[in-house]
Every structure is written in structure tokens, then in C-alpha cells.
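The values are calculated or read from the model by the stated rules, or taken from the named source; none is laboratory data. It should be emphasised that the depicted structure is a prediction, and the values quoted were computed from it without experimental measurement. Quick reminder, even Gly has a Cβ in these numbers, built from the backbone with ideal geometry, and neighbours come from all protein chains shown.
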Amino acid sequence: MQDIKELREIYCDSLLQMAETNKNIVVIEADLTNCIKTGRFKAAYPDRFINVGIAEANMIGVCAGLATCGKVPFCSSFAPFATRRCYDQIFISVAYSKQNVKIVGTDPGITAELNGGTHMPFEDMGIMRNIPNMVCIEPTDASMLKSLMPQIAAYNGPVYLRIMRKKCEQIYGDGAEFDMFKAFTLRQGSDLTIFASGIMVSRALEAADKLKSEGIYAEVINVYTWKPIDEETIVKSVAKTGACVVAENHNVHNGLFGAVSEVLAQNCPVPAESVSVKDQFGEVGKIPYLEEKFALRSNDIYDAAIKVLKRKK
């Protein structure tokens, strides 16, 4: 049986592996080394590791400065702190200044669980998607993260990487390979398309199974890169199916539903429904409670599919 690692372990493993051949890889933390498990990197490369303390805006400034010297800095914090707390520094010091900084936001959406509303980011991808030239990615599982990390490091420009810290459901086999800028079609279908990202991918597959039992064939596409979004794959799919559902562990505003809808409006307008957080703040709870509270279950995707099929007719 495949040994599934926590995503933070894959993150650190990848950094260590890349650092062996790329002396410019550096790691910057804001006093959350234990949470993201980069202590192994610190032990291996103490001269390439900096803990700035609980000062996220300063962390971004340090990363920008290092990038001007040719370094490839990876920095991380809980997603709300890695994005909205230091947004202006990211906008000006990193993106506007065209600096090659990789920003990692952990525990997206309901996966923040017991950390509660202040730590539960439903808006992080949305605000980062607003920054010109920022690449926004949400890997689905350990295999995908492992495949994407070298591509992210090699890409010359700012990247926002949204990941769970702990174990997540494995969708892909060990050794699977992915293109950083292409969506991945998990299942072919003819009646509607379900676009999903992150933890919602497994729920989308469950919903597709239920639909199939009723003679409805859903195409399931994993859109893990929200920006730049894979317009070609989206348009090709909805041109065939004529309707879609977008499932995301994120606020409905300016998230994946917004990104997909922009593509549809400009290229191939079809009925679309959203399974997402409806303009709400987070709260304390475990995932089973939170996914019901915010309607992020496979049954919610199924219900949205039935609704959009009625609109299609």
C-alpha cells in the first residue's frame, strides 16, 4: 500500500531535494517552522534558512530582497497571514517589482478546522488572483504537490501555493506528473462538467458516481491552477456538455467560480452553478461539521448538478 505523507512533508522533501542542486533555494518562515515542518531544511542548510518571527509583512520584504540577489525564496504561513495580512508588501515589493518569490499559504478554507474564523481563509486565492502576473495554484494531493514543486521553483515569477499541511485524500498515484498550467480531466462525461479544486475533487468524483447511477454522465476536471486558468480545457469541455458546476473550498466571490465564469462569459456561455462558501466568515469546527455548515459536501455538488441540468433543458 502506498504510504501517503502529509503535504507539509512533501513540501519540505521537495525543498531539500531541489536545494541539493540549486544553491539559490532559500526558506523564510514567520515563526511557524514546526507547523510547516521545515526544521529539516534548517538543519540541512542553516545558512539558507531565516525565521523572521511573527512578522509576515517583513517576511515578504526579506523574500523580495533576496530575490533581487538571485535567490529563489519560499516563504510560508497560515493562508490568511501569508496573503491578506501582508497584501500590500506582496503587491508592491514582489509582484509590481517583478520579484521571483514563492508564497505558501497553509490550511485553506475549512481545513483550518479548530483554528477558527480568524485562521480560516475563504478569500486568499481571490485576493491573490487580483495581483497582476501572480500564479495561483492549489495542489490536490501529495503526488500533485511533488510533481509541481520543481516547476514552481523553475518558474521565473511570483507564485502563490495554497496547500493543506496534513494528510489529504489521495486522488493520483505515486509518480503522477502534471503540467503547472493545464487542468487535468479525471473523468469523461457528456451531460455536464464539474470543475473542482483541492479537497473538493474527491467530493466531485463522489457526486459524479451518484449521478452515473442515475444515468447522468458528468465530466470531472481538476482545475488546480486558478491563474492563469486553462481556458482551452474549460471551453472544450463545456462546449461538449453544455452546463457546469464549480466546486471550491473558497468564497464564491472572486474564486474558482469567478475564474471559470469569466472564461465562459467570453467564450462559451452555458448554465453554471457554484458549490462554495457563500460570502461567510469561518468558524471553529471539524471538517465534517464545517462541510455541512458551508454546504461543501458531495451531496451539495450532486444537488447543484441536478439544478444546472434543469436550467440546461
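Checked against (1) more than 16 Å from Phe184 (Cβ to Cβ); (2) in a loop (DSSP other than H, G, I, E, B); (3) under 17 Å from the mean Cα position of the chain (by Cα), Ile229 passes all but a single condition, namely (1). Scanning the stretch 77-91 for residues that are touching a residue at least 60 places away in the same chain (Cβ under 8 Å) and not in a helix (DSSP H, G or I) turns up just one, Thr83. Can you pull out every residue in the stretch 1-58 that is surrounded by 15 or more Cβ atoms within 10 Å (Cβ to Cβ), assigned to a helix (DSSP H, G or I) and among the hydrophobic types (A, V, I, L, M, F, W, C)? Listed by number, the residues that qualify are Leu7, Ile10, Cys12, Leu15, Leu16, Met18, Ala19, Cys35, Ile36, Phe41, Ala57.
On inspection, Cys63 does not qualify as in a helix (DSSP H, G or I) and under 19 Å from the mean Cα position of the chain (by Cα). Only one of the listed residues (Thr83, Thr33) is under 27 Å from Lys166 (Cβ atoms), modelled with pLDDT under 95, among the polar types (S, T, N, Q) and assigned by TED's automatic domain parsing to the domain that holds Ala153. That residue is Thr33.
With the condition kept exactly as written, say whether any residue in the stretch 101-113 is at pLDDT below 95, surrounded by fewer than 20 Cβ atoms within 10 Å (Cβ to Cβ) and farther than 20 Å from Leu15 by Cβ. Within the stretch 101-113 (the criterion being at pLDDT below 95, surrounded by fewer than 20 Cβ atoms within 10 Å (Cβ to Cβ) and farther than 20 Å from Leu15 by Cβ), the answer is yes, since at least one residue qualifies.
For Lys98, the criteria (1) in contact (Cβ under 8 Å) with a residue 40 or more places away in the chain; (2) of a type in the set (Lys, Arg); (3) touching a helix residue (DSSP H, G or I) at 6+ places or on another chain (Cβ under 7 Å) hold in every case but one, which is (3).
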